[in-house]
Structures are given as structure tokens and as C-alpha cells.
Amino acid sequence: MFTKILIANRGEIAARVIRTCKEMGIVTVAVYSEADAEALHVQAADEAYLIGPPRVNESYLNIDKIIEVAQASGAEAIHPGYGLLSENADFVKRCQEAGLVFIGPEAEAIAKMGSKIAARKLMKAAGVPTVPGIDYPLQDVKEAITVANDIGYPVMLKASAGGGGIGIQVVHNNEELAKAFAGNQKRATDYFGDGAMFMEKYVANPRHIEIQILADNQHNTVYLWERECSIQRRHQKVLEEAPSPFLDEETRVKMGEAAVKAAKSIGYVNAGTIEFLVDEEKNFYFLEMNTRLQVEHPITEEITGLDLVKEQLNIAFGKELSFVQTEITRLGHAIEVRIYAEDPKTFFPSPGKITKMALPSGTNIRHELAVTEQSTVTPFYDPMIAKLIVKGQTREQAIEEMKQALDHYVVEGIKTNIPMLKNVVEHEAFLAGDTTTNFVAQHLQAKSLTL
């Protein structure tokens, strides 16, 4: 196994990777910006190196500096976490050129799935269901209007590159589309350097359900069941659960097999996630592939008993998976919520110093943290400061665990989305398992709810 690994990330995911490395006897190297000098991941690592100013372009996205530190520290491999450089094919190539193992898929697989347009073509060719739409970039708003009328409103205007809901908008008529096109194209260009836009039919009241896969270098690929990730704000997830309360066993297996087919079609290796939209009749459609570890991976770990970071490390080292599909268990129910430093009414970030922090405890409670009491949440990075994960023997027990945990979760000095999360887990629609991607807009913006 590797003896020393550099973690090219920050926050809770860097601390999470470091934890598994320590359990495996692997020396860890952290990198940090000037704003993160006192961060948890810096304290947790065996070694830590300053790589630049606070802004990500000058620090956590500085490929030259990260590789320089990796080589100088004697690291053999780099774990990218999620976000930042985790799905950057050029970074993978640079690691390989420097003699470093990238703990993730090959650059070719990342590049293939990095463009949503290209990914649609590949999945259609592989026989994986896709949402009705086009497989080429729109030239201008005039062409967009023509295509939209061919598909039939409402449609989903989407940026081909990137993620996080940026450049995505539902439009219902020609006038809305004319207003939306230029703005979304500009945002995609600004964020991803790629303004290519395409269009799909809007699936009404969909669920966002994803399948976790693992694939080794010996051509073994398995799925680790599903995660229901439908509760979102601004196309970004805030609560995830496993298994989905909506799927039946037949659909669950079909989706798992489709995910394996998708991964094998591009020769995928390491951990990855195939995301699907699922309609009211349980028809499922390929949405995109995340060629990395997911934010919500802990709930899969909780129901399978697997450590996905450990599996990533083993695969990257060349080891074969130690289990086959029929040996993967699914026990109990797990729920994860993302704790954001943001105003729960507006979803705007709320940076500042945390003056008090008290966490719930219990055998069925797990924390992934980026902060502690007295930490300062800066405006430079994603406002997610922690994840709270609970497990129960049933969904009802897990929900009760989450309610109790949120009631005892204290963060003062900044605003957080905890009030919103409480409203979610107490809402009758959530309790009934009625969790579509419209949940927040439909239920949490109602006047009857106090945030």
C-alpha cells in the first residue's frame, strides 16, 4: 500500500480522507491556503504545506504548486476529494507525468463525462436511458427557441460543462427562453470556461436518485445501491438518504445494472456515481456521472459497512475488489444533511466566527466536520461547514434520530440552515417519502413554515 499521500483539498473531505489514511497507516500531507492556516484538515495531517493566498485559483486550483509540494514531500499519490481539481482531466495527466498516482479514474474517463453533451451520446450508445433532448451545443437563442418548440415546453436549458446547478434553468415559453439563454451561457463561461448550452425535456416532479459504483483495474464493477438526493435548493443537495423510499426492488436492480453498464462502457476505474432522474412512473433517465467521491458517500458507507475511501486507495494501488455484487449488503436506513453557513431564508452565505458549537452524540450519529468552536468561516469557499449523518434500522427510526440530533445541534455566531433542515425532516411530505426535486420550492417557501 502507499506509504504517503497528499490530499489536494480542504475542509471536511480532506479531514475525512486523512482519517482513513491514518487507520491504514498511511502518512498524510495536507495543503492549505493562507485563510486555512488553522483549519481542521491542517491540524489532522502529519504534514501541512502553505500553497498560496485564499482565493482558490491561487491555492487549491494551483496545479503546479500542488504537484511541487507532492514531490517535495515524498508523497506517492494524490487524493483529490471532491470539487476543486477532482474532475480535472489535465490535473490527472499532470500527476501521471510527475510520477504520482491519481486516486481516481483515468483522465480519459473524466474528459468523456465532463461534457454533459458528450456523456449523453455515450450513454445512448451504451443503451442507458437518457432524457429526450439534443446531443449538440446550441449556436444561439434563435436555434434554442426552434429546438424548444420541437421538444415541447417546458424544457431544461443546461450548460454542458460543470455542475452545482450553474447554467441550468427550467423555461416554459419562448419569452422565458430568450431571457434565460444569454445569462446562463455567460454564467457557464465565467465558471467553467465553456459556454456550450444544450436542452432536454423537463421531467415533471422528478426524483434525483444516484447509484454508487466501484470498479477495479481487473474489470470488476459493482453497484452499492442508491441514494435519494431529491431535496435540493438551487439544484444543490441539502439532504440525502439511502435507500430511496420510492424505489421498488425491481427498479433498484435495473438502475444498478444500468449504472454498471454506464461505467463499463467508458472503461471506468475507481469510485464514481451515476446520477438519474426518476419520474412518477419509476422510469429513470441518465443525468450525469460524477467521476469522484460524492459529498453524500457516508450514507452508502452506513448501509453497506464499507469504507469508500479505503476502497479508492486499494483500487488506485492496483488491488482487486474483495467482494462481488451478491456479497454487498444493505442494512438499515441512513440520512445525511449538509450544514451550511447560510441564511436559511435566502440561502445566502453567512461568513463569520463561530462563537459556540455543540454537537449531538450517540451510537447512531456520525459527524464530518470542517470547523470547530472559534473557527472563522471565510467568504472564499463553499459555505458547507459540516455533515450530520444518522442511521436507524428503519427509515422511521433514522428520521427520529435526525430530528433529535438537529434539536441538539448548536452553532452560534453565524447563521446556518439548521432551521430549514428541521422543517424538512418534520414535514409531512418528507415523512411520507414524497421527496421530489421541487420539495423546497413547494413546501419550504410556504408561509406556514417559519425559517
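The set of residues in segment 135-146 being more than 25 Å from A89 (Cα to Cα) and surrounded by fewer than 19 Cβ atoms within 10 Å (Cβ to Cβ) consists of Q139, D140, V141, K142, E143, I145, T146. From the list I13, I5, the one residue that fits, being in a strand (DSSP E or B), aliphatic (A, V, I, L, M), at pLDDT 95 or above and within 30 Å of G267 (Cβ to Cβ), is I5.
Of the residues making up segment 52-61, those that are touching a strand residue (DSSP E or B) at 6+ places or on another chain (Cβ under 6 Å) and either acidic (D, E) or surrounded by 21 or more Cβ atoms within 10 Å (Cβ to Cβ) (or both) are E58, S59.
Can you tell me which residue among E257, E275, E320, E336 is touching a residue at least 12 places away in the same chain (Cβ under 8 Å) and part of a helix (DSSP H, G or I)?
Of the residues listed, the single one that is touching a residue at least 12 places away in the same chain (Cβ under 8 Å) and part of a helix (DSSP H, G or I) is E257.
Scanning segment 19-37 for residues that are over 23 Å from the mean Cα position of the chain (by Cα) and of a type in the set (G, A, S) turns up G25, A35, A37.
Among the residues of segment 83-107, the ones that are in contact with an Asp or Glu (Cβ under 8 Å, 6 or more places away or on another chain) and assigned to a loop (DSSP other than H, G, I, E, B) come to 2 in all. Of the residues making up segment 41-66, those that are more than 21 Å from the chain's Cα centre (by Cα) and assigned to a helix (DSSP H, G or I) are V42, Q43, A44, E58, I63, D64, K65, I66.
Going through (1) buried (at least 21 other Cβ atoms within 10 Å of the Cβ); (2) farther than 26 Å from F347 by Cβ one by one, P206 falls short only on (2). With respect to the conditions (1) modelled with pLDDT of 95 or more; (2) over 23 Å from R330 (Cα atoms), Q294 falls short on a single one, namely (2). Scanning segment 370-416 for residues that are surrounded by fewer than 19 Cβ atoms within 10 Å (Cβ to Cβ), of a type in the set (A, V, I, L, M, F, W, C) and in a strand (DSSP E or B) gives a single hit, V410.
Results for (1) touching a residue at least 60 places away in the same chain (Cβ under 8 Å); (2) closer than 30 Å to E34 by Cα, shown as yes or no for each residue.
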{"residue": "Q374", "(1), (2)": "no, yes"}
{"residue": "A386", "(1), (2)": "yes, yes"}
{"residue": "G392", "(1), (2)": "yes, no"}
{"residue": "A398", "(1), (2)": "yes, no"}
{"residue": "L406", "(1), (2)": "yes, no"}
{"residue": "I414", "(1), (2)": "yes, yes"}
{"residue": "E426", "(1), (2)": "no, no"}
{"residue": "L431", "(1), (2)": "no, no"}
{"residue": "T437", "(1), (2)": "yes, no"}
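The values are calculated or read from the model by the stated rules, or taken from the named source; none is laboratory data. Keep in mind that what you see is a predicted model, and the values were worked out from it rather than measured. Cβ atoms come from the backbone with ideal geometry, glycine included; neighbour counts cover every protein chain shown.
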